[in-house]
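The values are calculated or read from the model by the stated rules, or taken from the named source; none is laboratory data. In this text the structure is predicted, and so the values were computed from the model without any measurement. Counting neighbours? That spans all protein chains shown, and the Cβs are built from the backbone with ideal geometry, glycine included.
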Amino acid sequence: MRRIVLAVVAILVAVAGVAAVDAVSGDSTASAADARDFDPGMIISDQVFYDRSTMSASAIQSFLDARVPTCTATTGPTCLKDYRTTTSNKSGESGRCSAYSGRSNQSAAQIIYDVAQACGINPRSLIVLIEKEQSLVTDSSPTDRQYRSATGYGCPDTADCDSQYYGFFNQVYSAALQFKRYAAAPTGRAYEAGRNNSILYHPNSACGTKTVYIKNQATAGLYLYTPYTPNSAALANLYGTGDSCSSYGNRNFWRLFTDWFGSTKGNDSPSGDVTRAVGGYRAIEVSGTASDPNSASPIRVHVYVDGVGKSSVAADQPTSTGANGFTARVGGLDPGVRSVCVFGINVGAGSNTLLRCVRVAIPSASPFGVIDEAAGAPGQITFRGWAIDPDTVDPIRVHVYVDGVGRASIAADAVKAGLDGAKPGFGDRHGFAGTIGGVAPGTHSLCVYAINVAAGSNKRIGCAQVAMPSGSPIGRFESAVAPDIGVIDVSGWAYDPDVVDPIRVHVYVDGRGWASIAADVERATPTWPGYGTAHGFSARLSGVTPGSHRVCAYAINVGDGGNAGLGCIDVAMPQGSPKIWVDEAAAGAEKGTAFVRGWAFDPDTVDPIRVHVYVDGVGAASVEASLVKDGLGDVFPGMGDLHGFRADLAGLGPGPHSICAYAINKSGPGSTTSAGCRTVTVP
């Protein structure tokens, strides 16, 4: 923020500062400021600073029009009264400012009004802030820079303004939000209400400080925004300049507000409101806000019931405008309609203020309550709610009917968090919850009756239409992959809304039923509320031939509905070079002979392939690998056992020989595969 307002600004606004305010209405009368009335500890009261209701958008426009009857701007931007711009959306901050919906071609007056409403700031405070920072309200020929930094937000004394906060709307919204941030978190800051604060006279620390007891949050916010207090020279020449140690920001804020809108203190008496009043068990609870412009500390609130003082509490609970909230509970009251009046107790000048009188009914006779939730699950209905009999603080019973048939009697004795706050005096132990089993598919009416105690009669507290889940299975075929030759691994999940038990999933390969799997595998995700966690399926399909295959999964229906297709996945079986293994290579029974045997296949086909055998580097045999090799189809599902081979070799001379075997690639990708060589000694 701009920390110090130059003397020339003070001079420029001097004439406008005493102009008649004929365009606004309010409960304060504008008059020329008198420096003797300046209170550094309360520049402006919270009541005035945070009052968003003082001006409408049209009143703001009329006020701006009156400040500059004739705009002389020619080359630069127009005057504030005629200024328009497009505003952006703001998401707001909880407890500070509500969301702001941006619009095109908004006037300055509308922006000031809308920001004031969104942030709970007096639009007069924003008008004065704009003037004391950039003289925009009264300047008949403003510059781009004045709009760029209209409220001085993000403009420290030691550096240029931060460009991320440039623009008239951005400046107004950011400044208002900052003041509400100060109020929402008032402690731990350089200046705080309710204590002595050492405040500089000027950015030059050699000018010294003044000890100021800040009386209220709005004043603390002004000092946090502009951290200087006027010295005696600045106050002695209220519409001009002081000396080299004078600063003018907070002086000008007070003077401009007083000149244009009247007293910055507003009404000296307390203000506030009753925002909530409820009846409970022989009790009434009221809440609201109360504060006194003459006190930075919480004030007391007195509560009267039927004209009799019943409670005195401190308004010290946190609210969006500071620690000024209160809640009072009055017990020992008879049932019936009671008149409740709340008074803010005055501090200093002013008098006690009636905040509001309300009529509150303390219940009696028949019970009451609410069904919070009723939901269907497979074969059952779950429900919860609360029930109270106004004649007792003890739990009562509730009876539950489904389609007109009594199904349960339950004690409403569970904790229902927050119930005592909503129904004071009864406590929280009036909640109920239960489950009705054996419910058929379809839509059913569930009604709950609170059972009366003492005066009154049983009371139906509500009925709910509950649709039981039903229909075809639901699921997802998530994966089908071939990790090895002849096998496909499948997985997914499926359940039937009619039952909580696992169902079966049928898997088809190329239109042929291949497996029936139970969907009973525990899974963490996804979740199936009311159905448990065991609805996954996972299995390995064996004996799948080489090539590409389409694998489809179907969830098998139980109850209403029909089988549900979960999807199909195309799977390509592993491909590549042949596989070969030599089980034995040895000399034959006859002189000059030998043999070699083993197995070989090409993963691209189930047909036999050929095996070539070399002896001492010379081709000696070519045989078909089509003999039975027991167990091969178990190791490589889908390939079968007919891939064994044997080659008998003759005409070999005595001595050692190198016998080598090769599987010949038959189809698809790949190449000949060697099984290696064995040394065989022929007798």
Arg407 is checked against (1) over 36 Å from the mean Cα position of the chain (by Cα); (2) not in a strand (DSSP E or B) and fails just one. What number does that condition carry?
(2)
Just to confirm my filter: which helices (runs of 4 or more DSSP H) fall fully inside the range 78-192 and include at least 3 residues that are surrounded by 20 or more Cβ atoms within 10 Å (Cβ to Cβ)?
108-119, 123-134, 168-184
Filter the range 448-495 down to residues that are among the acidic types (Asp, Glu) and in contact with a strand residue (DSSP E or B) (Cβ under 7 Å, 6 or more places away or on another chain) and give me whichever is farthest from Gln380 (Cα to Cα).
Asp489
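The rows are residues; the columns are (1) touching a Cys at 6+ places or on another chain (Cβ under 8 Å); (2) surrounded by fewer than 19 Cβ atoms within 10 Å (Cβ to Cβ).
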site	(1), (2)
Gly427	no, yes
His430	no, no
Gly437	no, yes
Ala440	no, yes
Thr443	no, yes
Val453	no, yes
Arg460	yes, yes
Cys463	yes, yes
Pro473	no, no
Under 60 Å from the mean Cα position of the chain (by Cα) and of a type in the set (Gly, Ala, Ser) - does that describe any residue in the range 590-608?
no
Please return the ranges of strands (runs of 3 or more DSSP E) entirely within the range 444-532 where 1 or more residues are under 33 Å from the mean Cα position of the chain (by Cα) and of a type in the set (Gly, Ala, Ser).
459-467, 474-484, 487-495
Checking the condition out of contact with any Pro (no Cβ under 7 Å at 6 or more places or on another chain), under 15 Å from Ala555 (Cβ atoms) and either touching a residue at least 40 places away in the same chain (Cβ under 8 Å) or not assigned by TED's automatic domain parsing to the domain that holds Asp413 (or both), which residue from Ala515, Ala524 passes?
Ala515
I'm checking my understanding of the structure. Among residues of the range 533-555 that are polar (S, T, N, Q) and not in a loop (DSSP other than H, G, I, E, B), which one is surrounded by the fewest Cβ atoms within 10 Å (Cβ to Cβ)?
Ser548
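One line per residue, one yes/no per condition, for (1) of a type in the set (A, V, I, L, M); (2) at pLDDT 95 or above; (3) farther than 27 Å from Tyr191 by Cα:
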{"residue": "Pro142", "(1), (2), (3)": "no, yes, yes"}
{"residue": "Gly152", "(1), (2), (3)": "no, no, no"}
{"residue": "Cys155", "(1), (2), (3)": "no, no, no"}
{"residue": "Ala159", "(1), (2), (3)": "yes, no, no"}
{"residue": "Ser163", "(1), (2), (3)": "no, no, no"}
{"residue": "Phe168", "(1), (2), (3)": "no, yes, yes"}
{"residue": "Tyr173", "(1), (2), (3)": "no, yes, no"}
{"residue": "Ala176", "(1), (2), (3)": "yes, yes, no"}
{"residue": "Phe179", "(1), (2), (3)": "no, yes, no"}
Filtering the range 167-209 down to residues that are within 20 Å of Arg52 (Cβ to Cβ) and of a type in the set (D, E, K, R) yields Lys180, Arg181
